[in-house]
Every structure is written in C-alpha cells, then in structure tokens.
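Following: one structure in structure tokens, then a few remarks.
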Amino acid sequence: EDKVVQSPLSLVVHEGDTVTLNCSYEVTNFRSLLWYKQEKKAPTFLFMLTSSGIEKKSGRLSSILDKKELSSILNITATQTGDSAIYLCAVDEVGSNFGNEKLTFGTGTRLTIIP
Amino acid sequence: GAVVSQHPSRVICKSGTSVKIECRSLDFQATTMFWYRQFPKKSLMLMATSNEGSKATYEQGVEKDKFLINHASLTLSTLTVTSAHPEDSSFYICSAEGGFFGPGTRLTVL
C-alpha cells in the first residue's frame, strides 16, 4: 500500500529558528514529490521535486529530494510567525495502467512559530 | 490511519455529458469534505466545502449549478460535473476534515 509519512507531527519553535520537516514515502510509480503549505483554504503549492539531490529554493524555504532514501526535507530558515501552518507532502504517481495517476498526501506537520 | 478513496481514478467523457466523482471516507465519518481542483503547475484551488446534511459552500467563482455537490452520508460526498466541457478537464481531489486527502480523479473531456 502506498504511503507518505511526515515527521514530526507537530513542531513549536521560536521566531528566528530554523526548522527541518521530513517526508518519507513508499509508492509504486513515483513521478514527483510536492510540498504544500496549508493555512486556511486550499494548500498553497511550494515545491515540486523530481530529481534527487537538486535543491529547490524560494526565499527562506528550500527542499531537496533523496530518491535513494525515499525521502525529502523542507527547510525553513529565520522562521517568522507567518510561517505557522500545516505543511503537507504529497507524492504524485503514474498508475500501473497508462494514464492513471494518483496523489498520496502525508498527514502533515503542524508548525507553530512563537514570537 | 484514516483513508479517503475516490472513484473513479480516471474518466474520459464527451463534451456535454455529466460526470460523477465519489469521495468516501473508508474508516471514519466526515461531516465536512472539501473538493479541490489541481492546476497544471500543481497549485490546488478549493472549489467547495461539502457539509453532510446541508448545502455545500462554494468558493467565489465556482459555478454551483455546474459543479453539483451532494454529501449524502457521513462517509460519502459526490461531485457531479454537469455538461462537461474540455476546459473542465483537470485533476479533482477531495479531502475529509482532519486533512485526509483522496488520491484524486483525472477528468478528461473530449
């Protein structure tokens, strides 16, 4: 059974700290790994990772994929209160039959930044 | 952990037909479910919030007569795309309260 596991489940840090969120996966037909930030309504897309070892960066956020370890990390440096959210990891698969695809989400990491 | 399923996983239909997508919570009850549409650059747009026993709450810009949502029971919400057009082709994802996402349904309208 395909699964995506995120850790920790919850994290509370002080503003200015650096955090690392983890995502590991076991899926059949990996295509890409996606990171989202969910605050209120729809999750906001952050990164899509397809190749191992190539860091994607956007401001204070960065992420990297390790296909050998079947995992990814999301780093946030110099955290701010606005970074408080649930961070979701999802793995995008191509199905066993051509064209069938699947998106498997982890349960998320709830990040709280204390001023 | 909690599992949410969607059916079908993929559907191809002709323009003008209606398509129903089911979202089920398999081992828990969900009073609230959410329907999203994923765009090509992987962003997710919340379309509507489905409430068991009452009308769905639609986001601004989403046509309620085109995207019919029925939350008939605590384990099932359905999204019906009526009179589908090629621009409705997308990947539709549901989630249940608690942040449990379904695997998505790929709709292709010819």
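For (1) of a type in the set (A, V, I, L, M); (2) in contact with a Phe, Trp or Tyr (Cβ under 6 Å, 6 or more places away or on another chain); (3) modelled with pLDDT of 90 or more, each residue gets a yes or a no:
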| site | (1), (2), (3) |
| --- | --- |
| B:V11 | yes, no, yes |
| B:K20 | no, no, yes |
| B:S25 | no, no, yes |
| B:T49 | no, yes, yes |
| B:V62 | yes, no, yes |
| B:D65 | no, no, yes |
| B:N70 | no, no, yes |
| B:A84 | yes, no, yes |
| B:T108 | no, no, yes |
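Of all the residues that make up region B:36-47, how many are of a type outside the set (S, T, N, Q) and assigned to a loop (DSSP other than H, G, I, E, B)?
Counting residues in region B:36-47 that are of a type outside the set (S, T, N, Q) and assigned to a loop (DSSP other than H, G, I, E, B) gives 4.
In region A:14-49, how many residues are at pLDDT below 95, in a loop (DSSP other than H, G, I, E, B) and either facing chain B (nearest Cβ under 10 Å) or surrounded by fewer than 17 Cβ atoms within 10 Å (Cβ to Cβ) (or both)?
Of the residues in region A:14-49, 7 are at pLDDT below 95, in a loop (DSSP other than H, G, I, E, B) and either facing chain B (nearest Cβ under 10 Å) or surrounded by fewer than 17 Cβ atoms within 10 Å (Cβ to Cβ) (or both).
What is the residue count in region B:75-88 for residues that are over 12 Å from B:E22 (Cα atoms) and surrounded by fewer than 16 Cβ atoms within 10 Å (Cβ to Cβ)?
Adding up the residues that qualify gives 5.
Checking the condition within 11 Å of chain B (Cβ to nearest Cβ) and at pLDDT 95 or above, which residue from A:L74, A:L88 passes?
It is A:L88.
Return the only residue of B:S95, B:S77 being within 26 Å of A:E1 (Cα to Cα), within 14 Å of chain A (Cβ to nearest Cβ) and assigned to a strand (DSSP E or B).
Going through B:S95, B:S77 in turn, the sole match is B:S95.
Among A:K37, A:K102, A:K41, which is in contact with a helix residue (DSSP H, G or I) (Cβ under 9 Å, 6 or more places away or on another chain) and under 26 Å from B:A48 (Cβ atoms)? So that I can check it myself, show each step before the final result.
On the way: A:K102 fails: in contact with a helix residue (DSSP H, G or I) (Cβ under 9 Å, 6 or more places away or on another chain); A:K41 fails: in contact with a helix residue (DSSP H, G or I) (Cβ under 9 Å, 6 or more places away or on another chain).
It is A:K37.
With the condition kept exactly as written, say whether any residue in region A:74-82 is buried (at least 17 other Cβ atoms within 10 Å of the Cβ), within 19 Å of B:P103 (Cβ to Cβ) and in contact (Cβ under 8 Å) with a residue 40 or more places away in the chain.
Looking for residues that are buried (at least 17 other Cβ atoms within 10 Å of the Cβ), within 19 Å of B:P103 (Cβ to Cβ) and in contact (Cβ under 8 Å) with a residue 40 or more places away in the chain, one finds none in region A:74-82, hence no.
Search region B:12-35 for residues being under 16 Å from B:K66 (Cβ atoms) and assigned to a strand (DSSP E or B), and hand back the single one that is farthest from the other protein chains (Cβ to nearest Cβ).
Across region B:12-35, the extreme among qualifying residues is B:K20.
Determine, yes or no, whether A:S52 is out of contact with any helix residue (DSSP H, G or I) (no Cβ under 8 Å at 6 or more places or on another chain) and either more than 14 Å from chain B (Cβ to nearest Cβ) or over 30 Å from B:S9 (Cα atoms) (or both).
yes
Identify the single condition in (1) β-branched (V, I, T); (2) surrounded by fewer than 15 Cβ atoms within 10 Å (Cβ to Cβ); (3) within 13 Å of the chain's Cα centre (by Cα) that B:T31 does not satisfy, given that it satisfies every other one.
Condition (3) is where B:T31 drops out.
Looking at (1) outside any strand (DSSP E or B); (2) closer than 24 Å to B:L46 by Cα; (3) polar (S, T, N, Q); (4) at pLDDT 95 or above, find the lone condition where A:T79 falls short.
The single condition A:T79 does not satisfy is (2).
Any residue in region B:50-68 that is without any contact (Cβ under 8 Å) to a residue 40 or more places away in the chain, at positive phi and within 13 Å of another protein chain (Cβ to nearest Cβ)?
Yes, there is a match, as at least one residue in region B:50-68 is without any contact (Cβ under 8 Å) to a residue 40 or more places away in the chain, at positive phi and within 13 Å of another protein chain (Cβ to nearest Cβ).
The values are calculated or read from the model by the stated rules, or taken from the named source; none is laboratory data. Remember, it's a predicted structure, so these values are computed and weren't measured experimentally. Cβ sites come from the backbone with ideal geometry, for glycine too, and all protein chains shown count toward neighbours.
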